[in-house]
Amino acid sequence: MRWRRFFHRTHRDRDHAREFQAFLDLETDDNIARGMSRESARRAAHLKFGSPTQIREEVYEMNGIAFLETLGRDIRYAARVLKAAPTFTLVSLATLALGVGATTAIFTVVNGVILQPLPYPHSDRLVTAWETNPSYNLPGHPPGSVSFSPGNYLDLRDRNRSFEQVGAFSTTSYNLTGGAVPDRVKGGLVSAGLFSALGFRPSAGRLFVGSDDSPAAERVAIISHALWMERFGGSAAAIGADIRLDDRGHTIIGVMPAGFRLFDDDVDVWLPLERKITPENMRWRESYYLRVIARLKPGTTIQQARQDVDRIVRDIRRQHPTGLGQGGTVVPLLDNTIARARGPLLILFGGVGFVLLIACSNVANLNLGRAIARRREIALRVALGASRGRVIRQLFTESMLLALAGAAAGLLIAELGVRALLRLAPDEIPRASEIHIDAWVLTFAGLAATASGMLSGLLPALAASKADPQEGLKSSDRSISSGAGSYSARTTLVIAEIALALVLMIGAGLMIESFRRVSAVNPGFDPQGLVTMRLALSPTRYDSVERQNAFYKQVLDRLRALPGLSAVGAIDGLPFSDGGFDNAFRIDGRPEPPAGHPLKADIRRIDPGYFQAMGIDLVQGRAFRETDRTGAPPVVIVSQSMARKYWPGESAIGKRLTIQFGPPEGIHAEIVGVASDVCPAMDARPGEYIYIHYPQGRFVAQMDLVLRPGALSHSAGRSALSRAVRAAVASLDPEQPVYRIQTMQEMLRVTLATRRFEMLLLGLFGAFTACLAAIGLYGVLSYSVEARTKEIGIRTALGAHHRQVLAMVLVDALKLTFIGWGAGVIGAFGLTRLLSSLLFGVEPTDPSTFLVISLLLVAVALTASYLPARRAARIDPLIALRHD
């Protein structure tokens with residue numbers, strides 16, 4: 001029977017290893033005492049009980065079953081306890097679900113955009129190559145980087161030692177004809193080596209091969225899956241069919257997979273790149289428009305590739321000194337793809353992490369309150385023999401059960417939140433199509449739930465387990481007097497909540513103030529009522545400057561004849577959109593700028609009605625005239641910023657420029673006017689512009705039309721104007737599409753979409769944390785009032801006025817608030833500097849924002865404190881004195 005008692009003992013205490021060995025030794029000694037040798041005694045003991053390994057395995061199995069049974073009992077009991085307190089359970093579940101759900105939603109975005117590899121085979125070996133010039137900082141490029149010119153790209157492809165494959169591409173657009181109405185589609189020029197470098201396969205047909213890049217080869221095209229479905233209904237007959245782009249037929253040889261995007265560009269048609277590279281392109285090395293992607297050779301490091309590309313670009317610079325590239329570099333393709341989104345997303349993830357911490361603090365506060373209310377139950381369990389560890393385990397099981405249930409609800413909130421984020425998110429967020437809940441997100445949600453359970457349950461469980469059972473058994477259900485330590489823990493949690501909430505609220509306040517200032521920026525023109533649309537001419541049909549100019553003049557004349565329009569203008573690239581071009585120029589009579597550091601300005605080609613239609617003032621000189629045509633002396637108008645920069649203290653009128661554009665000698669022009677400044681973006685300084693009358697600007701492929709309705713015609717709307725413009729264009733050439741129809745106010749809203757998105761999320765997080773902090777403060781003060789009921793009754797009986805009682809409670813609240821405020825301000829001074837790159841016109845330590853948010857937090861705290869304070873002031877002293 002002794003071995004059975006032994007198993008019962010190990011089953012209960014789980015200290016099987018030492019006890020079994022001691023018992024085995026005892027049995028061996030008994031056998032020796034009976035006259036057996038030591039070896040025989042040991043064998044006899046093993047035969048009786050089995051080998052130590054067998055016994056140990058059986059004990060382990062029994063202990064595992066016992067542990068599962070105990071855990072099952074703990075979970076069932078925890079479920080009954082939570083069911084018996086529905087208000088506490090629902091509030092805790094909702095708080096944890098919102099905290100875990102919000103955190104999981106943002107992590108889903110971070111995971112899809114930043115953490116997951118690109119959807120290409122061995123994507124860790126894919127890099128982008130750039131030429132470098134420290135004086136350039138172009139949108140979409142790494143700082144100090146510029147794209148490759150065609151000639152430089154071909155030299156890199158042929159000379160490098162680091163890459164298995166090298167490819168290049170650029171984006172453009174084409175007129176797609178042959179259907180019911182002409183359309184404008186986004187196109188890409190791609191080298192034959194690019195798709196193989198990416199490791200992509202078409203969903204139908206084939207990819208480009210080297211022979212497709214030959215100028216003598218048949219014109220071929222690869223189309224997107226979306227265009228395949230739209231134009232051909234997904235039919236296999238599309239392979240080999242003809243598609244007309246810019247009045248030229250192209251044979252479709254392949255269809256890209258659904259969702260294929262390169263640098264987040266939604267391209268509809270891909271054409272071979274190298275057949276477009278002419279000998280003139282090879283000679284003119286200043287045309288930087290190709291993005292280069294390469295696959296590293298196995299064993300080649302990023303650093304080796306950087307040195308290789310830098311060597312090649314420096315060699316090219318020695319051969320062609322006029323180029324911009326002073327060196328070269330490579331960047332992992334993933335880093336380049338997500339560069340502009342990484343910082344904002346990580347900041348949002350950090351902000352939502354604060355939300356989860358505050359949610360856990362709030363639930364921990366609720367658990368502490370419940371533990372105090374349940375001290376008689378806990379004392380009774382201890383008196384009946386439960387150890388401190390057993391009490392901690394039971395309370396901790398309840399917290400974990402709450403956390404896991406909250407995580408399940410949080411996953412539903414996360415799914416809904418991700419959908420909402422993708423609807424609200426601007427198009428600039430990269431890899432949006434790859435954002436979804438996957439195994440990594442589920443793992444994160446499980447870890448978040450576990451962390452939430454530990455953070456919200458461990459401290460209350462430890463505090464409750466320290467309670468004196470005698471004090472607990474003597475106290476009544478109404479008394480909540482004990483627990484100075486518990487009250488201290490709860491106040492500490494509230495202080496932490498207030499500090500965290502203040503940090504997040506100040507961050508949200510800075511973003512709101514930044515957005516307000518950006519929205520208040522004067523863009524330099526009047527967007528009210530403006531309707532814009534783009535017209536692009538086929539370079540095949542309109543292959544000369546004269547034909548283009550004649551077509552645009554006829555269109556503008558017909559539009560000016562339309563009733564209800566007060567002004568009509570045109571430009572080759574509106575502010576806040578693509579178009580125009582950054583170009584070098586020289587100031588006549590001044591020394592040449594240093595090699596590699598040319599003077600640059602944004603060149604825009606316009607018609608004489610553009611300034612009037614946009615509401616841009618001419619502050620000096622004259623506007624363009626119809627006589628400023630091809631063959632006439634070239635004239636330009638410059639922006640105020642440019643005039644102040646290059647001719648400070650004097651008039652720019654009459655000065656002469658040479659724009660390095662067009663013929664080899666450039667365009668020698670006289671400045672005849674100075675226009676008021678225009679911002680290229682709402683958060684950018686006024687641009688340095690040179691405006692050219694479009695007939696003197698050489699080749700103009702596309703123009704943005706600007707239509708300003710008259711005072712009585714605003715109700716006509718965008719659709720009526722677009723129909724009128726399409727009819728006017730179709731009367732001249734029905735094969736030319738009119739597209740990108742929008743109001744200028746819509747364009748401005750799109751430019752602010754990213755800032756609006758970031759402000760909205762941080763604002764929601766800030767408001768949520770303020771509410772949680774208020775709830776926590778309310779709970780602590782309510783507990784304090786209940787605990788001090790007898791004290792308050794005595795004060796009142798001795799003559800204290802209810803206003804004094806009200807003030808006493810509010811002062812307690814303000815003490816906690818100001819301690820939390822002090823800690824929060826210190827944290828905000830350090831952490832808000834991370835927002836510097838997202839702010840406009842406001843410093844990370846802006847005093848007015850800190851002051852306003854601090855006052856707002858104090859107001860929230862006082863509002864949360866008023867109800868407990870009023871309840872304390874209304875306590876009846878007779879009832880309070882009977883309070884046990």
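The values are calculated or read from the model by the stated rules, or taken from the named source; none is laboratory data. None of these values were measured; they are calculated from a predicted model. As a convention, Cβ positions derive from the backbone with ideal geometry for all residues, glycine included, and neighbour counts pool all protein chains shown. Note: accessible area is taken over every heavy atom of the protein model, side chains too, but ligands, DNA and RNA are not part of it. Shrake-Rupley method; radii C 1.70, N 1.55, O 1.52, S 1.80 Å.
The spacing between the stretch 113-134 and the stretch 386-409, judged by their C-alpha centroids, is 45 Å. Ignoring ligands, DNA and RNA, what percent of the accessible area of the stretch 192-331 is carbon or sulfur (1.4 Å)? With neighbouring chains kept in place, the figure for the stretch 192-331 is 51 percent.
From most to least packed by mean Cβ count within 10 Å, the peptides 220-228, 416-424 give 220-228, 416-424. Between Val858 and Ser433, the contour length at 0.36 nm per residue exceeds the Cα-Cα span by 148.7 nm.
Derived from the Cα gyration tensor, the three semi-axes of the equivalent ellipsoid of the stretch 108-232 are 27, 21, 18 Å, largest first. Taking every pair of Cα atoms in the stretch 182-289, average 1/r, invert it to obtain the Kirkwood radius, and report Rg/Rh to two decimals. My calculation puts Rg/Rh at 0.96. From most to least packed by mean Cβ count within 10 Å, the peptides 807-817, 600-610 give 600-610, 807-817. The ellipsoid equivalent to the alpha-carbon distribution of the stretch 495-624 has semi-axes of 41, 25, 16 angstrom, derived from the gyration tensor eigenvalues as √(5λ) and listed largest first.
Here the average projected area of the convex hull drawn through the C-alpha atoms of the stretch 703-839 stands at 16.7 nm².
Projecting label points 7 angstrom from Cα along Cα→Cβ for Glu218 and Lys815 puts them 8.9 nm apart.
The equivalent ellipsoid of the stretch 585-631 has semi-axes of 28, 14, 11 Å, largest first, where each one is the square root of 5 times an eigenvalue of the Cα gyration tensor. Length gained on full extension, His802 to Leu851: 14.5 nm, using 0.36 nm per residue less the C-alpha separation. Each label point was placed 7 Å from the Cα along the Cα-to-Cβ direction; for Arg311 and Leu118 their separation is 2.4 nm.
So if each residue of separation counts as 0.36 nm, and I subtract the Cα-Cα distance between Arg248 and Ser170, what length gain in nm does that give? Separation in residues times 0.36 nm, less the Cα-Cα distance, equals 26.1 nm.
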